[in-house]
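Remarks on the structure that follows.
The values are calculated or read from the model by the stated rules, or taken from the named source; none is laboratory data. The structure presented is a predicted model; accordingly, all values stated were derived computationally and were not measured. Heads up, the Cβs are rebuilt from the backbone with ideal geometry, glycines too, and the neighbour counts pull from every protein chain shown.
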Amino acid sequence: MAQLWMLEDLEPWRDTPMPGDTCEPTTYWASPEMLDLPAEVCCEIDARIATVTLDGRTEHIAHLGHGFTTLIGDDVGSVGEVRLRGCLVWDRYLWTQYRTQPTGRMRVKARPGHLIQHETLLTTIHSGLFNVVFDGPTVYCETGQVPTNFGVRWNTLVVELETWP
């Protein structure tokens, strides 16, 4: 089965799959250019891009195999067989932007680290509260190794696609 990197957003949510858990996340595919992805979390996979029209909107979906589909931006450029480079992004609010429901199941193999970025904390009029301003490149960092003055932007997972009925 294909092993891929997946970014997990930091939205508070009741499900945090751990290694060994199976989940059915709503995902989109991010290219390195789209999210300033460091090389450590980029992988390549063959996919078949198709269009789906729902409610008068045409969306692109990538079939990654094993019954797993993920949404893909309109800038994909072609329909048919392609080789994607980047990673999956688990977006629990994907339904607010797309009508197509991705399908598929995956097993979490590891939660090895985070994507981090330099952060500056700006004081506010409220004691103890700050505005966070991120700057500089996004870099990969193993769990427990986040340096001072850096903040976590994404959690990283290594996942394996499982056969979908």
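In the range 33-78, how many are part of a strand (DSSP E or B) and either hydrophobic (A, V, I, L, M, F, W, C) or free of Cβ contacts under 8 Å to residues at least 60 places away in the same chain (or both)?
From the range 33-78, those part of a strand (DSSP E or B) are 43-54, 57-65, 68-72; that's our starting set.
Subset that is either hydrophobic (A, V, I, L, M, F, W, C) or free of Cβ contacts under 8 Å to residues at least 60 places away in the same chain (or both): 43-54, 57-64, 68-72.
Looking only at that region, the number is 25.
Looking at the range 138-165 only, could you name the residues that are without any contact (Cβ under 8 Å) to a residue 40 or more places away in the chain, among the hydrophobic types (A, V, I, L, M, F, W, C) and touching a Pro at 6+ places or on another chain (Cβ under 8 Å)?
Looking only at the range 138-165, we keep the residues that are without any contact (Cβ under 8 Å) to a residue 40 or more places away in the chain, and these are 141-151.
From what's left, among the hydrophobic types (A, V, I, L, M, F, W, C): 141, 146, 150.
Listed by number, the list holds a single entry, C141.
Suppose the filter is in contact (Cβ under 8 Å) with a residue 40 or more places away in the chain, under 11 Å from Y28 (Cα atoms) and among the small types (G, A, S); does G86 pass it?
Answer is yes for this residue.
Consider the range 8-25. How many of its residues are over 15 Å from the mean Cα position of the chain (by Cα), part of a loop (DSSP other than H, G, I, E, B) and either at pLDDT 90 or above or polar (S, T, N, Q) (or both)?
Residues meeting the conditions: 4.
G73 - would you say it is small (G, A, S), within 15 Å of the chain's Cα centre (by Cα) and surrounded by fewer than 17 Cβ atoms within 10 Å (Cβ to Cβ)?
The answer is yes for G73.
Could you please give the count of residues in the range 6-18 that are in contact (Cβ under 8 Å) with a residue 12 or more places away in the chain and either loosely packed, with under 13 Cβ neighbours inside 10 Å or closer than 18 Å to D74 by Cα (or both)?
Going through the range 6-18, the residues in contact (Cβ under 8 Å) with a residue 12 or more places away in the chain turn out to be 6-11, 13, 17-18.
If we keep only those that are either loosely packed, with under 13 Cβ neighbours inside 10 Å or closer than 18 Å to D74 by Cα (or both) as well, we get 10-11, 13, 18.
The number of residues fulfilling the criteria is 4.
Considering L54, L88, L84, L94, which residue is under 20 Å from E142 (Cβ atoms) and surrounded by 11 or more Cβ atoms within 10 Å (Cβ to Cβ)?
Of L54, L88, L84, L94, the one residue that is under 20 Å from E142 (Cβ atoms) and surrounded by 11 or more Cβ atoms within 10 Å (Cβ to Cβ) is L88.
So which residues in the range 124-137 are in a strand (DSSP E or B) and free of Cβ contacts under 8 Å to residues at least 24 places away in the same chain, if there are any at all? Can you show your working first?
Filtering the range 124-137 down to residues in a strand (DSSP E or B) leaves 130-137.
F130, N131, V132, V133, F134, D135, G136 - these are the residues of the range 124-137 that are in a strand (DSSP E or B) and free of Cβ contacts under 8 Å to residues at least 24 places away in the same chain.
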